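For reference, the structure discussed in these notes is given below.
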Amino acid sequence: MNISGQYAAELDGRGWMEDVNNWHSIVKHLETALSWRPLDTDLLLRLARLYRWRAFDQRLSPKLARESHNIAIRYVRDACRRRPSWGLSWATLAVVKTAAGQIDQEMIMALNRAVILGPWERQVQHQIVVAGMQTWHRLPAATQRSVFDTIDRALRDARLSKFVLETAILNNWQLHLIPLLQKNEDMKRLFERMNSKHKNER
């Protein structure tokens, strides 16, 4: 994994930015690389991820957060245009627009395309779980069914199942999740423990 990819993974794992100067340095490196390889969709998605983290870091400054979200959306839109058959780019667009509070037709279209193009890809499922649960009540019924099926598949993946449970609890999606757990007693018990712990910590 290269430096920028490793840094983005560390942000995802840690959950916060520890050094804005480091962020600026890596973004500058990526933007320089993109100027040499403007069709590189991996670079576009990596930049989108980093600007999304910057928006989160600036959540106490709505103007700066909005600007960072808009830059992230611009990068991921470019990735979707340049590789329209890539499920991860559409899933990322859905997640970034959700984080920006832009729950509109473009976001729903991106979510639908992600489900169609990458239903078995772990990274795509991860993003669909996040965007789908966070926007559930604003999704059309057909999109809800597709998201529900993706969540069901993700629950059967040992590397995603706990994340699905955590995301459901954080987004008050428990009632929708329970039917999917009926045939897996171990998963059901884990979910009940996690849910109980969450309630006690509130």
When both residues are 6+ apart or on different chains and their Cβ atoms are under 8 Å apart, which pairs have a first residue that lies in the range 128-141 and is farther than 22 Å from S161 by Cβ, and a second that is surrounded by fewer than 20 Cβ atoms within 10 Å (Cβ to Cβ) and modelled with pLDDT of 95 or more?
R138/I103; L139/I108; P140/I108
Test I71 against the criterion of being touching a residue at least 12 places away in the same chain (Cβ under 8 Å), in contact with a Ser or Thr (Cβ under 6 Å, 6 or more places away or on another chain) and either open to solvent by 10 Å² or more (accessible area, probe 1.4 Å) or assigned to a helix (DSSP H, G or I) (or both), and give yes or no.
no
Matching residues, the range 100-126, being open to solvent by 30 Å² or more (accessible area, probe 1.4 Å), closer than 22 Å to S161 by Cα and assigned to a helix (DSSP H, G or I):
N112, I116, L117, R122, Q123, H126
The one condition S89 fails out of (1) open to solvent by 10 Å² or more (accessible area, probe 1.4 Å); (2) closer than 20 Å to L111 by Cβ is (1)
All conditions in (1) open to solvent by less than 60 Å² (accessible area, probe 1.4 Å); (2) out of contact with any Ser or Thr (no Cβ under 7 Å at 6 or more places or on another chain); (3) not aromatic (F, W, Y) are true of R156 except (1)
Checked the range 127-152 for anything of a type outside the set (D, E, K, R) and within 14 Å of T98 (Cα to Cα); matches are Q127, I128, V129, V130, A131, G132, M133, Q134, T135, W136, H137, L139
List the pairs whose first member sits in the range 51-68 and is closer than 14 Å to V20 by Cβ and among the aliphatic types (A, V, I, L, M), whose second member is at pLDDT 85 or above and open to solvent by 70 Å² or more (accessible area, probe 1.4 Å), and whose Cβ atoms are under 9 Å apart, counting only residues at least 6 apart or on separate chains?
A55/L64; A55/R66; A55/E67; A55/N70
Could you look through the range 33-64, keep only residues that are more than 17 Å from the chain's Cα centre (by Cα) and among the small types (G, A, S), and pick out the one that is surrounded by the most Cβ atoms within 10 Å (Cβ to Cβ)?
A33
Can you give me the number of residues within the range 81-119 that are free of Cβ contacts under 8 Å to residues at least 40 places away in the same chain, over 20 Å from W53 (Cα atoms) and not aliphatic (A, V, I, L, M)?
11
From (1) surrounded by 14 or more Cβ atoms within 10 Å (Cβ to Cβ); (2) more than 23 Å from P119 (Cβ to Cβ), pick out the condition that doesn't hold for D186.
(1)
In the range 80-99, the residues that are touching a Cys at 6+ places or on another chain (Cβ under 9 Å) and either assigned to a helix (DSSP H, G or I) or of a type outside the set (A, V, I, L, M, F, W, C) (or both)
S89, W90, T92, L93
Take the residues in the range 159-181 that are of a type in the set (S, T, N, Q) and closer than 13 Å to H126 by Cβ, then tell me which one is surrounded by the fewest Cβ atoms within 10 Å (Cβ to Cβ).
S161
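The values are calculated or read from the model by the stated rules, or taken from the named source; none is laboratory data. Fair warning: this is a prediction, and the values are worked out from it, not measured in the lab. Ideal geometry is used to build each Cβ from the backbone, glycine not excepted, and the neighbour counts take in all protein chains shown. Heavy atoms of the whole protein, side chains included, go into the accessibility calculation; ligands, DNA and RNA do not. Shrake-Rupley method; radii C 1.70, N 1.55, O 1.52, S 1.80 Å.
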